[in-house]
C-alpha cells in the first residue's frame, strides 16, 4: 500500500530537518571501522630451521581451545642413503597475537613411533576431535607389495606423547597410497581419505580416492573403499575433506574423466556421506573442459560450504588464478564461481582455505617480480561476510624478517578461537646454503560483530544490550548512535565483559544504535546490526496525531454543518408557515375592512337621506349683468320632483 503525504506535511518535515541540522543532530559519518585488509601479518621468523642436509616439508596447522598452536611437518634427512623421513610437531603457547611477545615454542618432537619410515617430502594432514585428541595422517614408505601406506598417529595429552601409528588401508594390497586428509566427525568418528593408485598396464596408472573410517577414536580403521567411483580410464587425485555440524562428510577431489596420462583437463568433483558407508554419486563442480587443481574445502559454523582452488579455465585472461564458490544448502546448489585473484601474484601451489565465524581467508604461494627477480611470497584474499564479497588480493613477501632470499613453496592456515589465523609456511633459501625451513605467521583478525538486542526506553533514557562475540580476546565495546540510521557518531566505550549501555537524557526522537567489539590489539569488529529506540512520540506519531486531529475537526465540522442545515431548514419551514399564516390573516382583514366600508357607506347614505328637507325653498338666481331674460326661469329640481 502506498501512502500519501500532503504538501503541508512535507513542509513540516522539511522544517524539522532544518531544525535538526541546526541542532547538530544529523551527524557526519564516523571514522572508517574494521577493514580486514588493513590488519597486518606478524611473524617470529623461522621456527624450524633447515640445513644442508635437513629439509622440512608441507606443514599442517591445528589450534586448540587453550591457546596452543601445533605445526606438524615432514622432516627429511638426505645424509643417509636412501633419504629417510620423520613426522614431527612443534607446539607453541599462543598469546593471541598480542603486541608484546608472541607465540613461544613449548616443544618440538617426533611423532612416528618407528623412526625413519615416513615418505620424504610426503604430505600430511592433522585434526583435533571434540575431546581434544590430536590425529595426524601421514605416508609410510615400504617395499613391495606394501609400497606407500597411510598411517594415523594419535595423542591424548596435547602432543606430549604419541601412541603407536595405526595403518589405515588394507595390507598388503599392492597400491601406492599418498596425499592423506583426515577429519573428525561431531560424533567422534575419524575419517581418512587419500589418493590411491596402481598400474593397470605397464604404462597406464589408475588413480582413485580411497576412504576408511574409525569408530573407536583412531585405534583401528574399517570400511575401506573407493569413494570417487571411477574405474580404469577415469582418474581422481588430491582430495580435501570436512564435516558439517550435522555429521555429513564432504570430499572434494580432482577428477579426470579420461586417461590423464595423455590429456590435461582436470575438474573438481564432490561426494558426501552421512554415515561413512554410503556415499553419493560424485557431482561435478567445475567445468569438465578446463583446469581445476588443488581443492581446499571448509565448512563454517552455519554449515555453509566453502571451496577454493586454482583454475585455468579457458576464457579467463592471465593464466592461473585462485577461484572460489560457496553453497548454503549442503551442496545442492552453489553460488556463481568467481576469481578472487587479480594477478597481484601468480599462484603456483596449493591454496589453503580457513573459516572463522564470518571471516573466510584463502592463502597461496604466489610468484611476482621484485627488482627484476622473481620471488614467491604469500598471496591472500579475505571475505568478511562469509564469502559473499571479497577484499582485493594482497601479497606478503619475505616472511622471514631480514632474509630476502627466501621463497614460500607451501603454506597452510588455521584459525583459533579468537579469530587469529595462523600460517605455517615452508620456505626455500634461494642461495642454496640451506634446505627448506618453516616460518610461523599470524594475522590477528577483527572479532566477530556483537549480536545486538532490541532497546528498551524509560523516560528519556535508552538501554542498549548485546551478546558478546565468541572470541576470547575481546577487551571492550564501542557504542555508536545515529539519528537517521545512516550517519553515526561515537557515544561511549564499554570495557571488560559488560554487555549493555544506558544512553541518558535524550530528547524526543528516534535513535539507532550499533556496537563494535574491540580486541586486545585494539582491532575493532564490524558493527552489529542496528537497534532502534523511540524516545517520546516519533515525528511520524506527531504527524499521525495532527492528521487525526484534522480528521476529527473535519468530521465535527461536517456534523455541525449538518445540524446547522437542519436548523436553517426548520427556520425556513417556520418562516414559510408564518408567511402563510400572515397571508391568510391579511385576506381576512381585507374582507372585514371591505365589509366595514360598505356598512359605513350604507349608514352614510341613510344618514343623508334622513337629513334631506321635505319642502325646500326655491332658489332664485339673480340675473347676470348684460344677460337678457327671454322667458320664464327654469324649474328647480325640487320643483321637478
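Taking other Cβ within 10 Å of each residue's Cβ, how do 321, 38, 420 sort, fewest first?
Final ranking by Cβ density, sparse to dense: 38, 321, 420.
Place the peptides 535-543, 377-385 in order of packing, highest mean first, counting for every residue the other Cβ atoms within 10 Å and averaging per peptide.
Working: 535-543: 14.7, 377-385: 23.3.
Listed from highest to lowest mean packing, they are 377-385, 535-543.
Report the label-to-label distance for residue 457 and residue 556 in nanometres (one decimal), using points 7 Å from each Cα along the Cα→Cβ vector.
With each label point 7 Å from Cα toward Cβ, the separation is 2.8 nm.
Let me see the pair-distance distribution of the stretch 448-598: every alpha carbon pair, 10 Å bin width, integer percents in order.
10, 23, 15, 9, 7, 7, 7, 6, 6, 5, 3, 2, 0
If one computes the Cα centroid of the stretch 302-377 and of the stretch 98-161, what distance in Å separates the two points?
Centre-to-centre distance over Cα atoms comes out at 27 Å.
May I ask you to order 165-171, 446-452, 492-498 by the average number of other C-beta atoms within 10 Å around their residues, highest value first?
On the way: 165-171: 17.7, 446-452: 22.3, 492-498: 11.6.
By packing density, highest mean first, the sequence is 446-452, 165-171, 492-498.
To make sure I understand, if each residue's beta carbon is the centre and we count other beta carbons within 10 Å, what order do 139, 510 fall in, fewest to most? Could you put the intermediate results ahead of the total?
Values: 139 27, 510 17.
Ranked by crowding around the Cβ, least crowded first: 510, 139.
Sorted by mean Cβ packing within 10 Å, highest first, what order do the peptides 296-305, 45-54, 551-560 take? Can you show the working numbers first?
On the way: 296-305: 19.5, 45-54: 16.9, 551-560: 10.0.
Top of the packing list down: 296-305, 45-54, 551-560.
If we count other beta carbons within 10 Å of each Cβ, what is the order of 288, 352, 528, fewest first?
Working: 288 14, 352 27, 528 24.
Fewest-to-most ranking of 288, 352, 528: 288, 528, 352.
Which log10 I(q)/I(0) values does the stretch 448-536 give at q = 0.11, 0.26 Å⁻¹ under the Debye formula, counting every alpha carbon as one identical point scatterer?
Relative scattering, expressed as log10 I(q)/I(0), comes to -0.27, -1.32.
Rule-based calculations on the coordinates, nothing more; no lab input. Since we're looking at a predicted model, the values are computed, not measured. Heads up, the Cβs are rebuilt from the backbone with ideal geometry, glycines too, and the neighbour counts pull from every protein chain shown.
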